[in-house]
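J.: Quick one: the structure is below, and I'll ask about it shortly.
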Amino acid sequence: MRQGLSMREVIAAPLPGLDLRQQYGHHQSPAIRAGGLIFCSGMLPVDPETGERRHGTLTSEAHVILGNLKLLLESAGSSLNRLVQVHALIYDSIEYDVLNRVYRQYVANGPPSRTVWTAQIEAGFKIQLDVIAAA
Amino acid sequence: MTEKLPRAAITPKNPLLNASRAGNLPHVPGIRVGNYIFLSGMVPVDPQTGERSHGPIAEQVRTTLSNMEHMLESAGSSLDRVVRVHVVLADISHMAEMDQVYREFFPIDPPARTAWSMQLRFGNGCEIECVALAG
Amino acid sequence: MVVRGGDFIFVSGLTAVDLQSGERMPGTTTSETRQILVNLKQLLDAAGSSIEKVVKVNVLLHSMLEAPNMNDVYVRFFPDPPPARTVCGARLPDGVKVIIECTALA
């Protein structure tokens, strides 16, 4: 039976570290499913089990983030292959090529649309990914 | 059971506007999913030559929005089906000039818009991204 | 400012203004966040949606140091469980301290 498209469903954190509301008091759910799409909160490089911040290079932070997104989306019945929009927030545009080198490893199978934003990110992280996926 | 919306890449009829392919970049110019089209951020590119097109911000915005129109029409959509726009300017003082040109493209019932400034690469004065309803 | 498209309502990035007059209401990040969210509630209700139907919020701050101040106000407006959210710092127009945009179910 087709799910009512007017419903808004909260996707809970599949692991405690990804519950940033619990960990850091951020008033947000990890993701919301609605209208056939999954809107994810900006994903940060935190340890998915413990929630500890995993500062590092842009490369190492990106790997943590993309691993976290994989966990989150798969727990919701979606996947990185079903991403439709990505905002890649990076702390400095000089790391654009570095971003691509990591990112490419995760979205090789039909990448989504993407816009790169050079922004100030929480806790001095070098990267944050804000994504929407198809459910 | 959530209905799985189909997801497909869109490409511009003008191959010179396909920066993703030209640069072998891990994104697509746009994705159609269900009734929505998500475009990657677009920057001022001369549609005749594929070269970066700089100059006064008004011209850059005009070029970018014209290219966006082409991209949407290539996908069977149109500017009047755009629902959300993000305008990023390299220089926040360009807001008024950007707005003047923007209104030429969205004269009636404009989409939701958020505009701000961030560091942009390659001397681009603007980067514009949108979400539109499919045709 | 508010656009209906398919199943969703797309709200423009809002700044702290008086909704009636359009006059800017500059202040602290706290006061601007409050004004924006008061306005947002009004706009969504008028569009036949509601704060409870918001699925995703993007918050732009002039400085990420102000994130806790923004969050302290934000938590009073959005229900439990809250929508998804992304927060980042950027250069904002007209000296505003915060811009909030969101997508809600129609």
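We did not get these values from a lab; they are worked out from the coordinates using the rules stated. All figures in this text were calculated on a predicted structure; none of them were measured in a lab. All Cβ positions, even for glycine, are placed from backbone atoms using ideal geometry, and neighbour counts span all protein chains on display.
J.: Give the percent of DSSP beta bridges with both residues in segment C:2-105 that are antiparallel, rounded to the nearest 5.
T.: Taking every DSSP beta bridge with both residues in segment C:2-105, the antiparallel ones total about 75 percent.
J.: Any idea how far the Cα center of segment B:1-55 sits from the one of segment B:70-135, in Å?
T.: 14
J.: Can you tell me how segment B:4-128 classifies by the Cα gyration tensor, rounded, prolate or oblate, using a/c under 1.5 as the rounded cut?
T.: Here segment B:4-128 falls in the oblate category.
J.: Work through the residues other than residue A:14 whose Cβ is under 15 Å from its Cβ and net out their charges, Lys, Arg +1 and Asp, Glu -1.
T.: Local charge sum for residue A:14: -2.
J.: Along the Cα→Cβ direction, 7 angstrom out, place labels at residue B:69 and residue C:94. What is the inter-label distance in nm?
T.: It works out to 2.7 nm between the two label points.
J.: From the Cα gyration tensor of chain A, with a ≥ b ≥ c the square roots of its eigenvalues, which class applies: rounded if a/c is under 1.5, or else prolate if a/b is larger than b/c, or else oblate?
T.: Oblate shape, in that a/c is at least 1.5 and b/c is the bigger or equal ratio.
J.: With a Förster radius of 41 Å, plug the Cβ-Cβ distance of residue C:46 and residue A:98 into 1/(1 + (r/R0)^6) and report the FRET value to the nearest 0.05.
T.: 0.35
J.: Over chain A, what relative contact order in percent results from Cα pairs under 8 Å that are six or more residues apart?
T.: Averaging sequence separation for qualifying contacts and normalising by length gives 28 percent for chain A.
J.: For chain C, modelled as a GNM with alpha-carbon contacts under 10 angstrom, which of C:49, C:63, C:21 fluctuates the most?
T.: Among C:49, C:63, C:21, the largest mean-square fluctuation in the Gaussian network model of chain C belongs to C:21.
J.: Once you put a point 7 Å from the Cα of residue A:109 and another 7 Å from the Cα of residue B:122, both along the Cβ direction, what distance in nm separates them?
T.: 3.0
J.: So in chain A, what percent of DSSP beta bridges are antiparallel if you round to the nearest 5?
T.: Expressed as a percentage, antiparallel bridges in chain A total about 75.
J.: Taking 30 Å as R0, compute the FRET efficiency from the Cβ-Cβ separation of residue A:49 and residue B:8 and round it to 0.05.
T.: 0.25
J.: Say R0 is 30 Å: what FRET efficiency, to the nearest 0.05, do residue B:134 and residue B:52 get from their beta-carbon distance?
T.: My answer for the efficiency is 0.50.
J.: Round to the nearest 10 and give me the degree value, 0 to 90, for the angle of helix B:57-74's Cα axis relative to the longest principal axis of chain B.
T.: Helix B:57-74 sits roughly 20 degrees off the main axis of chain B.
J.: Let me ask another. Does the protein assembly as shown come out rounded, prolate or oblate by the C-alpha gyration tensor, with a ≥ b ≥ c the root eigenvalues, rounded set by a/c under 1.5 and, if not, prolate when a/b is larger than b/c and oblate if not?
T.: rounded
J.: Measure off 7 Å from each Cα along the Cα-to-Cβ vector at residue A:57 and residue C:80, then give the distance between these two points in nanometres to one decimal.
T.: The modelled label-to-label distance comes out at 4.3 nm.
J.: Continuing with this model, one more query. Counting only DSSP beta bridges with both residues in the protein assembly as shown, what percent are antiparallel, rounded to the nearest 5?
T.: If we restrict to bridges inside the protein assembly as shown, about 75 percent are antiparallel.
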